[in-house]
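Below is one structure, written out as structure tokens; comments come after it.
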Amino acid sequence: MNRRTTLMGVVALATGLMLAGCSSSDSKPELKVSGAFMPQPVSDMAAGFLVIRNSGDTSDRLTSVTSPLSDDITIHETKNQTMRMVSSFEVPAGGELDLERGGNHIMFMKLKQRPKQGEKVSVELHFEKADPIKIDLPVKETTHNPKKQ
Ligand code: CU
């Protein structure tokens, strides 16, 4: 009886340690945003581009974007020169999500005002796991494309 109780205690302790080990190695995604910009809009629509780097060992997903500039913001992929709304984008562990001209982008519709080159648009990026990230998108000239410089 006593021995059995002790054994159970040892098993419980071992299981507890294993669980603790598991949860501490299950680290969070570590996200960093760079190269963000918005080409100066020429209508009441605008696009946003940026790179999200994940240096953690857990993948995450960009699920939505919010901004005072618009209440109608979605995320789009471009395939065969046609853009399509998606519900989320993966930010792979140890990799990055590229939102770039001609490809994936943030789409702002029904702009409340038209930001000009040199201004900044504040946006908040929302993720499945990581905390939201607030950044400013500098407004660049309409044809700005960092990849082509
Ligand atoms: Cu679009």
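The values are calculated or read from the model by the stated rules, or taken from the named source; none is laboratory data. Small disclaimer: the values here were computed from a predicted structure and weren't measured. Please note: Cβ atoms are built from the backbone with ideal geometry, for glycine as well, and neighbour counts cover all protein chains shown. Just the protein is used for accessible areas: all its heavy atoms, side chains included, with ligands, DNA and RNA removed. Shrake-Rupley method; radii C 1.70, N 1.55, O 1.52, S 1.80 Å.
Of the accessible area of the range 51-100, with the probe set at 1.4 angstrom, what percent is carbon plus sulfur?
On the range 51-100, the fraction of accessible area on carbon and sulfur atoms equals 46 percent.
Would you work out if the range 91-149 is rounded, prolate or oblate? Take a ≥ b ≥ c from the square roots of the eigenvalues of the alpha-carbon gyration tensor; rounded if a/c is under 1.5, else prolate when a/b is larger than b/c, oblate otherwise.
oblate
So if R0 is 25 Å, what FRET efficiency would D136 and S88 give, r being the distance between their Cβ atoms, rounded to the nearest 0.05?
Efficiency, rounded to the nearest 0.05: 0.65.
Which value, in Å², gives the accessible area per residue of the range 55-138 when a 1.4 Å probe is used on the protein heavy atoms?
Accessible area per residue, the range 55-138: 57 Å².
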